[in-house]
Amino acid sequence: MKVSLFITCLCDTFTPDVGKDTVQLLERFGCQVDFPENQTCCGQPAFNSGYKQESIKAMKQMITAFEASDYVVGPSGSCVQMIKEYPHVLKDELEWSERARAVADKTYELTQFLVEVLQIEDVKSTFQGTATYHPSCHMTRLLGVKDAPRILLENVEGLNLIELPMKEDCCGFGGTFAVKNAAVSGQMVEEKAQHIDETGAEYLIGGDMGCLMNMGGCMRRNKQDVQVLHIAQVLNSQ
Amino acid sequence: MGIKIGDKPYAERIQAGIDNSFMRQAVSSAQGRFRSGRLKAAEELGDWEDWRTLGEEIRHHTMENLDYYLHQLSEQVEKRGGTVFFAETAEEANAYVQEVAKKKQARKVVKSKSMVTEEIGLNEALQQSGCEVVESDLGEWILQLDEDPPSHIVTPALHKNKEQIRETFANKKGYTKTDQPKELAAFAREQLRKDFPEADLGVTGCNFAVAESGAVTLVTNEGNARMVTSLPDTHIAVMGMERVVPTWEELEVVVSLLTRAAVGQKLTSYITALTGTRLEDETDGPEDFHLVIVDNGRSKILGTEFQSALHCIRCAACINACPVYRHVGGHSYGSIYPGPIGAVLTPLLDGYEDHKDLPYASTLCAACTEACPVKIPLHEHLIRHREIIVEREHMGAKSEEWMMKGFAKWASTPAAYKLSTKMARTAMKPWTKDEQIEKGPGPLKGWTESRDFPAPAKKNFWEWYKQREKRRGEA
């Protein structure tokens, strides 16, 4: 199966290791992985801030980059969800809207792809430690990927998963919200960090780099001894 | 009072909310109770999503045919001895009520259950006409004594705890007992019971009006609304023009959704349906009944992409689900309609000028959309507001506009994109220490006040991938 990588801008710049784990994980299950070079950012920062015209420029770039692919897989629920929105955002431009629909239909978040397309529930990985999982908002509520990460994590050998209190509450990232409403965002992530602390877990696992940067940055400032991991890193651990 | 509360700028209001630890504690604990109540009630039904779909269909159908149902409603109310007044503006609505009060030579007005009268500032208008106005719902009464605006649309005094309420009663009414809720409520009851028989006019809101019968329905837990509507000779119900349902059948659905979504109740203690004036053989009810149907900007929303905002049944489920609301409280929104629905509705009713920050008071986490029992896509409306604010109203900050223009160029030019991710580490070097940025420049300043920000990686993914491909080619 041929799979094109959608390595989000945050992942590319800040956590390339998450990209590497994504590649290795997909290859372990027989995927032929390629990385379309013309990809950039999904456009979400501009779109969610109200700069629709600016975001459309990013969207068209991404549509062009992925049109030739069979499947597009990215390690971020939020960015994948943005691609799913493209046809709707471009509804006034019929041709682009159709091209957007074709790309959106074949784009998947990593765990969603593993469980729904490859039909894998156990990636045969081993990871020793106690961890808690934060289900990020866009991935769960908007993209609708709730079960896939949980199913995969539950089958990781050695991993002790502890439920995160008030797990469905937003961590306060919200893209530009963390910058524009930094004070409120800071309070929200502080509350999240406390909940993570209450679990006593050694690791925090998530599926979105933005949220993980936010929670990780807060816990580091608090000198909390919790290591932040993207789900791809756990699933690719042997 | 009107829809806008206070004149402080947004940033100050937000900071005041964050700094108010008493309020935050009170809000957080109330939110917790309401949320679990709503989830339990939804679970009990088993087919909650089907109910939501039905609720949405009912509200959509009613809004699509609003002129028909309002016409039917007004005909039915008049047939049953009531008088209907369509008020286009807040001023028209207030003037009408003032006129009725004048005709009745009213001195004392008792009130119950109404956000729309807050929206139009009716209390102030009646006071200007020389009337004493008494709010009879406990929460509203506390706020009236304290001269404080509401901070929630179902439990207006949510931001206060029992100690503060005791203090208010002691300072304003000479209360001497404890802060036990039972004693506080008994004191309020004793005080308010004196007002009902003395009142010349009873003013209520209207949760829903039933078009087919001309009935006005009030959904309450305290029962005061029944005193307000049956003791004074004159009853005036004030409703937003969207608060209509076609028949009793739809009423049943929306009331069930309202009570479950609001506080997790199957039904509230009192659901009162009032149809017209007192008949000859009836022992109570008003001799004179007026229904004031308020537009105040609502008809401008009809037929627009925001029409579904009018579906709102004022259950506050979105407010109770909102993590931003939990941290800043209702007053931070500067509107009597706080939380996600307030952030959507307030700019629509009162313009962007005073409320342009509200659509940004959300992380777009969509907890509100998920909680809404009539499926209003609240987070999508918030994004649309943001678009209007920057693209039509040109109210976005210049610096942000330039940044976004730069973003568009960057994201549509792969070479520039690649170069920037490669150069990011070098560019951030002056602020980097131990792979972290603890005090960032520009947009990172706010972030790094409470959080660290990671330094860009030594080698980005793209470079790694390229090298891997090369190695593979050589092998």
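Okay, here's what the table says:
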read-out: Unit charges on C-beta of K, R, D, E only; dipole of chain A, Debye; value: 480
read-out: Prolate/oblate/rounded call for the stretch B:61-111, Cα gyration tensor, a/c under 1.5 rounded; value: prolate
read-out: Number of partner chain Cβ atoms within 10 Å, mean per residue of B:414-420; value: 4
read-out: Nearest-ten-degree value, helix B:248-263 long axis tilted from longest Cα axis of chain B; value: 60
read-out: Principal-axis tilt of helix B:398-411 within chain B, Cα atoms, nearest 10 degrees; value: 50
read-out: Alpha-carbon Debye profile of the stretch A:77-184, log10 I(q)/I(0) at 0.17, 0.18, 0.24 Å⁻¹; value: -0.94, -1.00, -1.24
read-out: For the stretch A:50-87 and the stretch B:258-282, distance of Cα centres in Å; value: 50
read-out: Burial order of peptide ranges B:368-374, A:199-205 (average beta-carbon count within 10 Å, highest first); value: B:368-374, A:199-205
read-out: Average partner coverage of A:185-198, which counts Cβ from other chains inside 10 Å; value: 3
read-out: Among B:ILE376, B:ALA188, B:ASN460 - extreme Cα towards positive end, dipole of chain B, charges at beta-carbon; value: B:ASN460
read-out: For chain B, Cys with no neighbouring Cys Cβ under 4.7 Å; value: B:CYS131, B:CYS206, B:CYS312, B:CYS315, B:CYS322, B:CYS372
read-out: Packing-based order for A:8-15, B:242-249, A:165-172, A:177-184, using average beta carbon neighbours within 10 Å, highest first; value: A:8-15, A:177-184, A:165-172, B:242-249
read-out: Under 12 Å from B:LYS375, Cα to Cα: aspartates and glutamates that are on another chain or at least 8 residues apart; value: B:GLU49, B:ASP50, B:GLU56, B:GLU57
read-out: Residue-averaged [θ]222 nm for the protein assembly as shown, counting only DSSP H segments that reach four residues, each worth -39500 (n - 2.57); value: -15000 deg cm²/dmol
read-out: Sequence of B:LEU143, A:LEU110 once ranked by neighbouring C-beta atoms within 10 Å, starting from the fewest; value: B:LEU143, A:LEU110
read-out: Non-local Lys pairs in the stretch A:1-104, i.e. 8 or more apart or on different chains, that have alpha carbons under 28 Å apart; value: 14
read-out: Rounded to whole Å, sorted largest first: equivalent-ellipsoid semi-axes of the stretch B:304-418, Cα gyration tensor; value: 28, 16, 14
read-out: Relative contact order (%) - criterion: Cα under 8 Å, at least six apart; region: chain B; value: 20
read-out: Overall form of the protein assembly as shown per C-alpha gyration tensor (a/c, 1.5; a/b vs b/c); value: prolate
read-out: Relative contact order (%) - criterion: Cα under 8 Å, at least six apart; region: chain A; value: 20
read-out: Test item: A:62-68 mean partner chain Cβ contacts at 10 Å; value: 1
read-out: Principal axis dimensions, the stretch B:28-89 - Cα atoms, whole angstrom, descending; value: 43, 27, 24
read-out: Overall form of chain A per C-alpha gyration tensor (a/c, 1.5; a/b vs b/c); value: oblate
read-out: Net charge over other residues, Cβ less than 9 angstrom from the Cβ of A:GLY77 (K, R count +1; D, E count -1); value: -2
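Values in this text are rule-based calculations from the coordinates and carry no lab data. Everything numeric here is computed off the predicted structure, so don't read it as measured data. Glycine gets a Cβ as well: all are built from the backbone with ideal geometry, and neighbour counts include every protein chain shown.
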